[in-house]
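This report refers to the structure that appears directly beneath it.
All of the numbers you see were taken from the coordinates with simple rules; none came from a lab. Please read these numbers as outputs of a predicted model, since none were measured by experiment.
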Amino acid sequence: MSVLKRLFKMGEAELSSALDKLEDPIKLTEQGIKDLKKDLDQSLQALAEVKALDIRARNDIEKFSSSSKEYESKAMMLLKKAQDGKMDPSDADRLATEALRMKDENLGQEELIKTQKTKFEQSIVQLEANIKTIKSNVSKWENELKTLKARVKVSTATKNLNKQMAQIDSSGTVSMLEKMKDKVQRDEALAESYGEIAYESKSVDEEIDKALENNTDNSALEDLKKKMGLNQ
């Protein structure tokens with residue numbers, strides 16, 4: 001029993017491998033439709049040929065039926081002619097017998113062709129049923145092909161998207177974002193530091209200039225007061 005199970009598992013593995021190697025299902029379906037249409041063309045050609053045979057058989061039946069009646073009529077005319085004394089009775093009997101033989105021969109051909117015509121009619125019915133089935137299958141497969149193509153597009157797009165999502169390294173992305181964030185913070189701090197230095201340098205210069213301006217103003221004012229004797 002265990003040996004059979006192992007063999008069965010091996011068969012499953014081989015089948016799975018074979019399925020993986022199958023061609024694109026769309027191509028297989030398209031090829032199947034082409035094969036069906038080829039079968040349809042052959043069936044239509046066969047139907048036309050059998051119908052032509054059936055028409056010919058019908059015409060032959062009418063021809064042999066008419067000929068058999070004509071030979072019977074000729075036999076009767078020969079016997080009537082002999083009865084009326086217009087022909088030697090022995091010749092009339094001989095020719096009438098030959099006419100009846102031809103009549104029977106035509107009747108035999110008529111019956112044979114009738115049998116053939118019956119077979120032709122059966123073949124026509126079978127071929128028409130086959131053609132109807134093939135047409136139905138072609139229509140069904142073409143509709144299934146449209147659906148299959150749409151499903152393949154959706155599944156391919158979904159597969160590619162999921163594949164891309166699966167390949168994204170979340171930890172690496174977070175690490176990269178943290179590094180970028182840290183760099184931005186350092187750049188912002190450095191920019192602020194430069195701004196403060198520039199402001200401080202400007203403030204000191206302004207303060208010095210202001211102090212000097214004040215000293216200059218006070219000195220001139222004191223001199224003017226001395227001249228005017230206001231300090232006293």
Qualifying residue in region 94-111 (condition: farther than 18 Å from residue 55 by Cα and outside any helix (DSSP H, G or I)): no
Count of residues meeting criterion [over 27 Å from the mean Cα position of the chain (by Cα) and either under 24 Å from residue 30 (Cα atoms) or of a type outside the set (Gly, Ala, Ser) (or both)] in region 120-147: 8
